[in-house]
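Asker: Below you'll find the structure I mean.
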Amino acid sequence: MDRFGRRLAGVMLMAALLLPAQPALADSAEVALPTTGGGSAPSVLPRLILPRSAYPTTRDDGLVEQVFGQRVADPFRWLEADPRSDGDVARWIAQQNALSGDYLARLPGRERFASRIRELFDFERYGLPRKAGRSYFYSRNTGLQNQSALWVRKGVGGEQRLLLDPNGWSADGSLALAQWEPSPSGRYLAYAVQEAGSDWRTLRVVEVGTGRVLDERLQWANDTEIAWVGEEGFLYSRFPAPKAGDDPRAPRFNKAVWFHRIGTAQDVDELVHATPDHPEWSHKALVTSDGRWAVVVSEVSTDRRNAVHLIQLEGRPAGQWKVQPLVPEIADHWKLVAGIGDRLWFLTDRSAANYHLVSIDLARPKDGWKIVVPERGNTLEGARMIGDRFLLSYLRDGQTVAVMTDRKGKPGRAITLNGIGTASGFGGRPGDAETFYQFTSFNLPPAIYRMDLHSGAVTPFAVPKMAFDPVDYLVEQREYPSRDGTMVPIYIVRKRALATAGKPVPTLLYGYGGFDIALTPGYSPVRMAWLEAGGAFALANVRGGGELGRGWYEAGRRDKKQNSFDDFIAAGEYLIREGIAAKGGLAVQGASNGGLLVGAVVNQRPDLFAAANPDVGVMDMLRYDRFTSGRFWVDDYGRPDREEDWRTLRSYSPYHNIADGKAYPAILVTTAENDDRVVPAHSFKYVAALQAAQIGERPHLLRVETKAGHGAGKPVEKVIGSGADVLSFLAYWTGLGSETAQR
């Protein structure tokens, strides 16, 4: 992947040097923009419009296909070609980046946003500690390091020592430390290297005591666990190595579990579990904390359903992996919690939509499953066996509630968390006397706490120093009615003084609404810069997400996907109606599935929004399953090759439903050249269609990040740069001017 990234960067640079000069940006006369929270007088700024003649010329191939009795135009399909091998696509990207770069550089407040985001990033932050033997491992960033480093200390209060520093792996921060896992004794640590934002991983091993990185390099891992089998090696998942001429953007199949023995080359790794009769199945492996069982989980999509197979590790002859089925069919969701001897505990939604905790005695399989903690009204999203008890994590109205029980499920102490926020972590093993957790909110950077499980005492492990006072910001959770009357939760964050004054301000509305994923309160330096500048931020928990349980998810997927869009549109209307968002001052933003959300609602209600930022979005719903990870999404979206699903997808696909003749908001589409999860061709085709349509002279721009991917592993410098570009664009078109900044 590294040489491909370098080749693309070189092609784009050469293309930029060969381009003719771009048409000048058009400045109109001064016009009044909406009143902001900074004062009663409207902001007066030159509006940077873009007539269609300002955009790079995009070839229209005139492609029209007949699908299920309908004519479907796809004139920009040529932009699906890989820019690493197609010069026309590479030149088009370079032209688009030249135009957007020039435009964004001219926006007032861009440098102010960049400077403040940098200041807000500049604080020491830690990841959750993980214990192995007597050692504690955790990530740490001193503030403005492009990548967080991995540190280790002996004992919870011991002196910390730098173990791995990815900032020295590449000059530009494009190599990142992804997941990592220490061996049971802490002698070794296996870790994954991510390059330029790609989902592919290379696995390495470091000897903890000496800091020596071993020679082996395990390639083609993707969405893998690292599961140690004692100290001899670990289980991991990988796809077959691609063959010469393979399209790197093609769907992936035949993901299998392998065993790697420390000190050996990858080509002698042992195949543990594969399903050649079901190449669409993907497998991951976990190992119980006592090392007795390997638990292989098999999935066919992003839907939360899986099969479970077991491998008894104790007494296993070397090189032999006898796999036995526990849950052979992919029908329900099973999540391993713990294993002691022959007893395993799982969370499952079988016969319990909100999940329950069950156990099975493998020595008496005919006794069946036994319910340890029954289903409650709130979703049981996580569980750990720590010490001699379970720590359960429930999701209640989008917030985390933690409860302890004994091993028989008898409720014990509830863990109370002050204020609206998200608690995560609570890791540990049977026999441990402690656990660590993280708490964060919109106005609180993540803080790490240690809990003594015997006394219940909580002590800080790492609490960041903030460049602002959290008390100055009001965090509310409300609900509003959607089109069909369903009440939808929404978080609203703004300066307390602005809320007291009751004046509408430019507002940024964010959403996701897919894949049973819950969006919960969390801190972002970029978002905080928006709030400091006098804007409001709103997070709508629309249907399709996992905030309110399985039913909430089911109500926003496949043929019910329109509910997600209706919920999001209703959120915007509510913010204006309640006097939170200024009329003409509402921006909308979302990433990945949230990018799809933004594209769809802008098509359906272009009048509602002043500006939009669909980021790494799924924009062509008729061909999404033909690329990389797209085939895994069919349970959420539906199958484009099935007529009933196709008609639903056709009805909202952002690329296919741009409303010619309507005035659209200003749109900044953002993606990244190495996004191999949602391929950037989605954004390319969508932008080409926007620029070709008669939808007004507000700008419709594309920003393609180089040496980055879907989001994970992005260097801090790139986060600052992209954050400043996006915020200054949204601020400009919502009227959040530099004069409104209130530190």
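The values are calculated or read from the model by the stated rules, or taken from the named source; none is laboratory data. The shown structure was predicted, so the numbers you read here are calculated from the model rather than taken from an experiment. Here Cβ is always computed from backbone atoms with ideal geometry, including for glycine, and neighbour counts include all displayed protein chains.
Asker: Condition first: within 11 Å of D620 (Cβ to Cβ) and either part of a loop (DSSP other than H, G, I, E, B) or among the polar types (S, T, N, Q) (or both). Now tell me which residues in segment 675-694 satisfy that.
Answerer: Hits for segment 675-694 are V678, V679, S683.
Asker: Still on this structure, I have one more. Can you tell which of T288, T275 is over 24 Å from the mean Cα position of the chain (by Cα) and surrounded by 20 or more Cβ atoms within 10 Å (Cβ to Cβ)? Steps first, answer last, please.
Answerer: On the way: T275 fails: surrounded by 20 or more Cβ atoms within 10 Å (Cβ to Cβ).
After applying the criteria, what remains is T288.
Asker: Restricting to segment 328-358, what's the tally of residues that are over 21 Å from G377 (Cβ atoms) and either buried (at least 20 other Cβ atoms within 10 Å of the Cβ) or within 29 Å of the chain's Cα centre (by Cα) (or both)? Lay out the reasoning, then the answer.
Answerer: Taking segment 328-358 as the starting set, the residues that turn out to be over 21 Å from G377 (Cβ atoms) are 328-331, 334, 336, 338-345.
This time we only want the ones that are either buried (at least 20 other Cβ atoms within 10 Å of the Cβ) or within 29 Å of the chain's Cα centre (by Cα) (or both), so: 329-331, 334, 336, 338-339, 344-345.
Number of matching residues: 9.
Asker: Another question, then. Does segment 29-48 contain any residue that is at pLDDT 50 or above, under 20 Å from A105 (Cβ atoms) and touching an Asp or Glu at 6+ places or on another chain (Cβ under 9 Å)?
Answerer: Within segment 29-48 (the criterion being at pLDDT 50 or above, under 20 Å from A105 (Cβ atoms) and touching an Asp or Glu at 6+ places or on another chain (Cβ under 9 Å)), the answer is yes, since at least one residue qualifies.
Asker: Count, please, the residues in segment 477-490 that happen to be in a strand (DSSP E or B) and buried (at least 17 other Cβ atoms within 10 Å of the Cβ).
Answerer: Here is the first cut: in segment 477-490, the residues in a strand (DSSP E or B) are 477-481, 487-490.
Restricting the remaining residues to those that are buried (at least 17 other Cβ atoms within 10 Å of the Cβ) gives 480, 488-490.
The number of residues fulfilling the criteria is 4.
Asker: Can you tell me which residue in segment 430-476 is surrounded by the fewest Cβ atoms within 10 Å (Cβ to Cβ), limited to those that are polar (S, T, N, Q) and within 19 Å of W530 (Cβ to Cβ)? Break it down into steps so the answer makes sense when it comes.
Answerer: Here is the first cut: in segment 430-476, the residues polar (S, T, N, Q) are 435, 438, 440-441, 443, 455, 459.
With the extra rule that they be within 19 Å of W530 (Cβ to Cβ), the set shrinks to 440-441, 443.
Numbers: T440: 19, S441: 22, N443: 24.
That would be T440.
Asker: Considering segment 44-82 alone, what residues qualify as being among the β-branched types (V, I, T), in contact with a strand residue (DSSP E or B) (Cβ under 8 Å, 6 or more places away or on another chain) and surrounded by 15 or more Cβ atoms within 10 Å (Cβ to Cβ)?
Answerer: As a first pass, look at segment 44-82 and keep what is among the β-branched types (V, I, T): 44, 49, 57-58, 64, 67, 72.
Now drop any that are not in contact with a strand residue (DSSP E or B) (Cβ under 8 Å, 6 or more places away or on another chain), which leaves 44, 49, 64, 72.
Hits for segment 44-82 are I49, V72.
Asker: When both residues are 6+ apart or on different chains and their Cβ atoms are under 8 Å apart, which pairs have a first residue that lies in segment 83-109 and is among the aromatic types (F, W, Y), and a second that is at pLDDT below 95?
Answerer: Between residues of segment 83-109 that are among the aromatic types (F, W, Y) and residues that are at pLDDT below 95, the close pairs are Y103/L25; Y103/L48; Y103/L50.
Asker: Output the residue which, of all residues in segment 123-158 that are touching an Asp or Glu at 6+ places or on another chain (Cβ under 8 Å) and among the β-branched types (V, I, T), is nearest to G173 (Cα to Cα).
Answerer: The extreme case among them is T142.
Asker: Now for a separate question. Please enumerate the residues belonging to segment 264-318 that are under 30 Å from R558 (Cα atoms) and among the basic types (K, R).
Answerer: Of everything in segment 264-318, those that are under 30 Å from R558 (Cα atoms) and among the basic types (K, R) turn out to be K284, R304, R305.
Asker: Being in contact (Cβ under 8 Å) with a residue 60 or more places away in the chain and out of contact with any Asp or Glu (no Cβ under 9 Å at 6 or more places or on another chain) is the requirement here; does L313 meet it?
Answerer: Details: in contact (Cβ under 8 Å) with a residue 60 or more places away in the chain: yes; out of contact with any Asp or Glu (no Cβ under 9 Å at 6 or more places or on another chain): yes.
Against the criterion (in contact (Cβ under 8 Å) with a residue 60 or more places away in the chain and out of contact with any Asp or Glu (no Cβ under 9 Å at 6 or more places or on another chain)), L313 qualifies.
Asker: Out of all the residues in segment 83-92, which are surrounded by fewer than 22 Cβ atoms within 10 Å (Cβ to Cβ), of a type outside the set (G, A, S) and not in a helix (DSSP H, G or I)?
Answerer: Of everything in segment 83-92, those that are surrounded by fewer than 22 Cβ atoms within 10 Å (Cβ to Cβ), of a type outside the set (G, A, S) and not in a helix (DSSP H, G or I) turn out to be R84, D86.
Asker: So is A731 farther than 15 Å from P665 by Cβ, over 21 Å from the mean Cα position of the chain (by Cα) and not in a loop (DSSP other than H, G, I, E, B) or not? Break it down into steps so the answer makes sense when it comes.
Answerer: Working: farther than 15 Å from P665 by Cβ: no; over 21 Å from the mean Cα position of the chain (by Cα): yes; not in a loop (DSSP other than H, G, I, E, B): yes.
No.
Asker: Looking at (1) surrounded by 24 or more Cβ atoms within 10 Å (Cβ to Cβ); (2) part of a helix (DSSP H, G or I); (3) touching a Ser or Thr at 6+ places or on another chain (Cβ under 6 Å), which is the one condition that is false for G585?
Answerer: Here G585 clears every test but (2).
Asker: Only one of these is basic (K, R), part of a loop (DSSP other than H, G, I, E, B) and farther than 30 Å from S53 by Cβ: K718, K707. Name it.
Answerer: On the way: K718 fails: part of a loop (DSSP other than H, G, I, E, B).
Criteria check complete, one pass: K707.
Asker: So, one more: Just checking, does segment 311-322 include any residue being within 30 Å of D636 (Cβ to Cβ) and either at pLDDT 95 or above or assigned to a loop (DSSP other than H, G, I, E, B) (or both)? Spell out how you get there, then give the answer.
Answerer: Taking segment 311-322 as the starting set, the residues that turn out to be within 30 Å of D636 (Cβ to Cβ) are none.
There is no residue in segment 311-322 that is within 30 Å of D636 (Cβ to Cβ) and either at pLDDT 95 or above or assigned to a loop (DSSP other than H, G, I, E, B) (or both).
Asker: Name the residues in segment 222-236 that are within 17 Å of T264 (Cα to Cα) and within 21 Å of the chain's Cα centre (by Cα), would you?
Answerer: I226 - this is the single residue of segment 222-236 that is within 17 Å of T264 (Cα to Cα) and within 21 Å of the chain's Cα centre (by Cα).
Asker: I've got another one for you. What strands (runs of 3 or more DSSP E), lying completely within segment 339-387, carry at least 2 residues that are among the β-branched types (V, I, T)?
Answerer: On the way: elements: 343-348, 356-361, 370-373, 379-386.
Because the criterion is at least 2 residues that are among the β-branched types (V, I, T), the strands (runs of 3 or more DSSP E) in segment 339-387 that meet it are 356-361, 370-373, 379-386.
Asker: Can you name the residue in segment 258-281 that is of a type outside the set (A, V, I, L, M) and in contact (Cβ under 8 Å) with a residue 60 or more places away in the chain and, of all such residues, is nearest to D635 (Cα to Cα)? Please lay out each step first, then the result.
Answerer: Step one: of segment 258-281, the residues of a type outside the set (A, V, I, L, M) are 258-261, 263-264, 266-267, 269-270, 273, 275-281.
Pick out the ones that are also in contact (Cβ under 8 Å) with a residue 60 or more places away in the chain and you get 259, 280.
On the way: F259: 30, E280: 13 Å.
That would be E280.
Asker: So, one more: Somewhere in segment 93-111, is a residue under 30 Å from D290 (Cα atoms), at pLDDT 95 or above, out of contact with any Cys (no Cβ under 7 Å at 6 or more places or on another chain) and not in a loop (DSSP other than H, G, I, E, B)?
Answerer: Initial filter on segment 93-111 (under 30 Å from D290 (Cα atoms)): none.
For segment 93-111, residues under 30 Å from D290 (Cα atoms), at pLDDT 95 or above, out of contact with any Cys (no Cβ under 7 Å at 6 or more places or on another chain) and not in a loop (DSSP other than H, G, I, E, B): absent.
Asker: Being among the β-branched types (V, I, T) and assigned to a strand (DSSP E or B) is the filter here, so list the residues in segment 185-227 that pass it.
Answerer: Taking segment 185-227 first, the residues among the β-branched types (V, I, T) are 193, 202, 205-206, 208, 210, 213, 224, 226.
The answer is V193, T202, V205, V206, V213.
Asker: Give the residues of segment 136-178 that are in a loop (DSSP other than H, G, I, E, B), touching a strand residue (DSSP E or B) at 6+ places or on another chain (Cβ under 7 Å) and touching a residue at least 12 places away in the same chain (Cβ under 8 Å), sorted by residue number.
Answerer: Initially, segment 136-178 is screened for residues in a loop (DSSP other than H, G, I, E, B), giving 142-148, 155-159, 165, 169-174.
Filter once more, keeping what is touching a strand residue (DSSP E or B) at 6+ places or on another chain (Cβ under 7 Å): 147-148, 156, 159, 165, 169, 174.
Scanning segment 136-178 gives Q147, S148, V156, D165, W169, S174.
Asker: While we're here: Is it the case that some residue within segment 499-521 is surrounded by 21 or more Cβ atoms within 10 Å (Cβ to Cβ) and among the charged types (D, E, K, R)?
Answerer: yes
Asker: Something else: Name every residue in segment 220-273 that is modelled with pLDDT of 95 or more, over 16 Å from L203 (Cα atoms) and out of contact with any Phe, Trp or Tyr (no Cβ under 9 Å at 6 or more places or on another chain), in order of residue number.
Answerer: Across segment 220-273, the qualifying residue is only G230.
Asker: Please determine, by comparing only the residues of segment 639-674 that are part of a strand (DSSP E or B) and not aliphatic (A, V, I, L, M), which one is surrounded by the fewest Cβ atoms within 10 Å (Cβ to Cβ). Spell out how you get there, then give the answer.
Answerer: Filtering segment 639-674 down to residues part of a strand (DSSP E or B) leaves 666-672.
Filter again for not aliphatic (A, V, I, L, M), leaving 670-671.
Details: T670: 24, T671: 28.
Only one residue tops the list, namely T670.
Asker: Which count do you get for residues in segment 522-538 that are surrounded by 24 or more Cβ atoms within 10 Å (Cβ to Cβ) and assigned to a strand (DSSP E or B)?
Answerer: Looking only at that region, the number is 2.
Asker: What do you reckon, is Y437 within 29 Å of D290 (Cα to Cα), in contact (Cβ under 8 Å) with a residue 60 or more places away in the chain and assigned to a strand (DSSP E or B)?
Answerer: Numbers: within 29 Å of D290 (Cα to Cα): yes; in contact (Cβ under 8 Å) with a residue 60 or more places away in the chain: yes; assigned to a strand (DSSP E or B): yes.
For Y437, the condition - within 29 Å of D290 (Cα to Cα), in contact (Cβ under 8 Å) with a residue 60 or more places away in the chain and assigned to a strand (DSSP E or B) - is met.
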